[in-house]
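Asks: One structure follows; several queries about it will come next.
Just so you know, all these numbers are worked out from the coordinates, no wet-lab data involved. Bear in mind the structure is a predicted one, so any value in this text is a computation, not a measurement. As a convention, Cβ positions derive from the backbone with ideal geometry for all residues, glycine included, and neighbour counts pool all protein chains shown.
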Amino acid sequence: DGGITQSPKYLFRKEGQNVTLSCEQNLNHDAMYWYRQDPGQGLRLIYYSQIVNDFQKGDIAEGYSVSREKKESFPLTVTSAQKNPTAFYLCASSIDSGLPYEQYFGPGTRLTVT
Amino acid sequence: AQSVTQLDSHVSVSEGTPVLLRCNYSSSYSPSLFWYVQHPNKGLQLLLKYTSAATLVKGINGFEAEFKKSETSFHLTKPSAHMSDAAEYFCVVSGRAAGNKLTFGGGTRVLVKP
């Protein structure tokens, strides 16, 4: 059963701690993306990766970091430098970012930082 | 630069009546356009996509959208709303000028009354 998995579904952290969100896909997609969604707003791009060992900043990369060591995996670290980390985080993948293919989304991780 | 404007933040319809969600876009090149649906605390699911083929696009669950270049619009319709259509809907544009990244509208929340 192909798809994108994100874990955990809910995550709670204390302010000042780094936290890593998992994203795995078995669709054999080249490109992967991380988005942030805040209540009543659309999605904003944090980071994206077109191939293994390469990634680019999106529109709101400050306070976040990523790695792409394997094609299937694209973990996102929310660092203590992120001023307002509480949000719903969505991971997505697509066949190839060289063409405007649709993106497939995971179920999301809701992060709450207190 | 590309952008998307969803003209209604909330739409309320009665079950069995038509649904119309309005979307206008701006893009330097011939765009690809998508509609996604998001149920509460879930990821996004692709409803339909336009990629320069037929201007009337049929999607899943009885939804369809019409691409009108002269009006820069891509409105989403469904002839008869079902209770399960209650969700948030996002209009999304992508194009080569923006590196094929997705730009999301702010979303339209649909309420279906029995």
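Asks: Take chain A, connect every pair of alpha-carbon atoms lying under 10 Å apart with a spring to form a Gaussian network, then pick out the residue of A:71, A:57, A:83 with the largest mean-square fluctuation.
Replies: In the Gaussian network model the winner is A:83.
Asks: List the lysines whose Cα sits under 28 Å from the Cα of residue B:42, skipping any in the same chain fewer than 8 residues away.
Replies: In chain and number order, the partners are A:9, A:14, A:57, A:70, A:71, A:83, B:58, B:78, B:101, B:113.
Asks: What average number of partner chain Cβ atoms lie no more than 10 Å from the Cβ of the residues making up A:48-61?
Replies: Numbers: counts 3, 0, 2, 0, 0, 0, 0, 0, 2, 0, 1, 2, 0, 0.
Taking the mean over all residues of the peptide, I get 1.
Asks: Can you pull the mean other chain C-beta count within 10 Å for peptide B:49-55?
Replies: Values: counts 3, 0, 4, 1, 0, 0, 0.
Mean shielding count: 1.
Asks: Continuing with this model, one more query. Give me the percent of DSSP beta bridges within the protein assembly as shown that run antiparallel, rounded to the nearest 5. Walk me through the intermediate numbers first.
Replies: On the way: 68 of 77 bridges.
Restricted to the protein assembly as shown, the bridges split so that about 90 percent are antiparallel.
Asks: Another question about this same structure. Two decimals is fine: what is log10 I(q)/I(0) at q = 0.11, 0.21, 0.22 Å⁻¹ for the stretch B:2-113, from a Debye sum with one equal scatterer on every Cα and no solvent?
Replies: -0.31, -1.12, -1.22
Asks: Of all DSSP beta bridges located in chain A, what percent are antiparallel, nearest 5? Could the numbers behind the result be given before it?
Replies: Numbers: 33 of 37 bridges.
Roughly 90 percent of the beta bridges in chain A run antiparallel, per DSSP.
Asks: Right, next: Would you report the distance distribution of C-alpha pairs in the protein assembly as shown as whole percents per 10 angstrom bin, up to the bin with the largest distance?
Replies: Spelled out per bin, shortest first, that is 8, 33, 35, 20, 4, 0.
Asks: With θ set to phi - 60°, apply the Karplus curve 6.51 cos²θ - 1.76 cosθ + 1.60 along the stretch B:4-17 and write out the HN-Hα couplings as whole Hz, x wherever there is a Gly or Pro.
Replies: Karplus-based 3J(HN,Hα) across the stretch B:4-17 equals 9, 10, 9, 6, 10, 7, 9, 9, 10, 9, 8, 4, x, 9 Hz.
Asks: Taking θ as phi - 60°, what are the ³J(HN,Hα) couplings along the stretch B:75-80 by the Karplus curve (6.51, -1.76, 1.60), each to the nearest whole Hz, with x for Gly and Pro?
Replies: 6, 9, 9, 8, x, 9
Asks: Ratio of alpha-carbon Rg to the 2.2 N^0.38 Å globular estimate for the stretch A:31-114, to two decimals, please.
Replies: Values: Rg = 12.5 Å, N = 84, 2.2 N^0.38 = 11.8 Å.
That works out to 1.05 for the stretch A:31-114.
Asks: Return the sequence-ordered ³J(HN,Hα) values of the stretch A:60-76 in whole Hz as given by the Karplus equation 6.51 cos²θ - 1.76 cosθ + 1.60 applied to θ = phi - 60°, using x for Gly and Pro.
Replies: After applying 6.51 cos²θ - 1.76 cosθ + 1.60, I find 9, 7, 4, x, 10, 9, 9, 9, 9, 7, 10, 4, 7, 10, 8, x, 10 Hz.
Asks: Normalised by the residues of chain B, what does the relative contact order come to in percent, with Cα pairs under 8 Å and at least six apart? Please report the intermediate quantities before stating the final value.
Replies: Working: 299 pairs, mean separation 42.8, N = 114.
Over chain B, the number comes to 38 percent.
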